[in-house]
1. Below 8 Å, C-alpha to C-alpha, sequence gap of six or more: please give me the relative contact order for the chain in percent.
2. Can you list the HN-Hα couplings for segment 13-29, worked out from phi with the Karplus curve (6.51, -1.76, 1.60; θ = phi - 60°), rounded to whole Hz and with x for Gly and Pro?
3. Tell me, in nm to one decimal, what length is gained between ARG130 and PHE166 on full extension, where the rule is 0.36 nm per residue of separation less the Cα-Cα distance?
4. Rounded to the nearest 10 degrees, what's the angle between the helix 52-68 long axis and the longest principal axis of the chain, both from Cα atoms, 0 to 90?
5. Show me the ranking of peptides 213-226, 91-104, 147-160 by mean Cβ neighbours inside 10 Å, starting with the highest.
6. Can you pull the one-decimal nm distance between simple spin-label points at LEU66 and SER158, each 7 Å off the Cα toward Cβ?
7. Say each of GLN19 and ARG173 gets a label point 7 Å from the Cα, pointing the same way as Cα to Cβ; how far apart are those two points in nm?
8. D for segment 157-265, whole µm²/s, Stokes-Einstein with Kirkwood Rh over alpha-carbon pairs at 20 °C and 1.002 mPa s: what number?
Amino acid sequence: MSSPQPADLVALAVELVNQISPRLVEARAAQTAGTGTIGVSTKSTDNDLVTEMDEWTENTLVEGLLAARPDDGILGEEGSSIAGTSGVRWVIDPIDGTTNYFYDLCGYSVSVAVQVDGITVGGVVADPVRDETFTATLGGGAFRNGVAITSSSKDDLSTALLATGFNYNADIRQRQANALATVLPRVRDIRRMGGAAIDICLVACGRADAHYEEGLSIWDLAAAALIATEAGAQSSEFGGEPDKPGLSVISSPGIHDDLIALLHDAGAIEAH
Ligand code: IPD
Ligand code: CA
Ligand code: CA
């Protein structure tokens, strides 16, 4: 059997995500208007939220993917774990940035990566609020709503805008706060928008110059990292284990080495 084309796999994910995004916005608007309620509970800590819409999104994606491709594997943040037999695996973060979704902030996304024999060949990150869908295929470039994107040409770290994020684990947060104290005075500014996948896509399209974060999972990272590297950004990972890098660093190429040196100074790399 011939290997599926990454572009076809990405097109399938885009079709499903396009059905899901408006429903997320509608459900959130109904909650704000008092005409609907989104149930919420917690996971790893009291600050790690999961809503009914996270679960609905994951279930809808799994149903749609398996209807089209019944032999594929799936890994989803909210518990989907299907081995599959086709060599294709989908990696899903149904809502990346659930805290933002809960508080009615923008910056959340639906993130879907597709891997063939363990290599990420396609990625889709959809921002329902801005109505922007970022896509990439391995070797095929990166796009926002179908228009090619590139990372910034920034080559001076001291005037670079960095995005980062904070883990739910208090010990990791303490390390992240310590490192931030060294990083912040040496860059233009820091943004913590609240969804790693969108933040990394900001690097892909030049709205930020870099993103770094400790403790991300493959579902946060896989789709967005491919989109960023296909847009020309450089990516490095330090420590951790398969599917869970210790520290992820994604930036415009002109500042990558200097950012890694700064993260060394900040103790963020030595932690791994
Ligand atoms: C989280 C977001 C956040 C990042 C955390 C992630 P979730 O994912 O991406 O920005 O800082 O590390 O766990 O829980 O909203 O899917
Ligand atoms: Ca996530
Ligand atoms: Ca999530």
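The values are calculated or read from the model by the stated rules, or taken from the named source; none is laboratory data. Please read all numbers here as calculations on a predicted model, not as lab measurements. Glycine gets a Cβ as well: all are built from the backbone with ideal geometry, and neighbour counts include every protein chain shown. Each accessible area value is taken on the protein alone, full model and side chains, heavy atoms only, with ligands, DNA and RNA left out. Shrake-Rupley method; radii C 1.70, N 1.55, O 1.52, S 1.80 Å.
1. Values: 599 pairs, mean separation 43.5, N = 272.
Reported as a whole number, the value is 16 percent.
2. 5, 4, 4, 5, 5, 5, 6, 7, 3, x, 5, 5, 5, 4, 5, 5, 5
3. My answer for the length gained is 10.6 nm.
4. That works out to roughly 60 degrees.
5. Details: 213-226: 26.1, 91-104: 22.9, 147-160: 16.5.
For the peptides 213-226, 91-104, 147-160, the packing ranking is 213-226, 91-104, 147-160.
6. 5.6
7. 3.8
8. Numbers: Rh = 13.5 Å.
The diffusion coefficient I find is 158 µm²/s.
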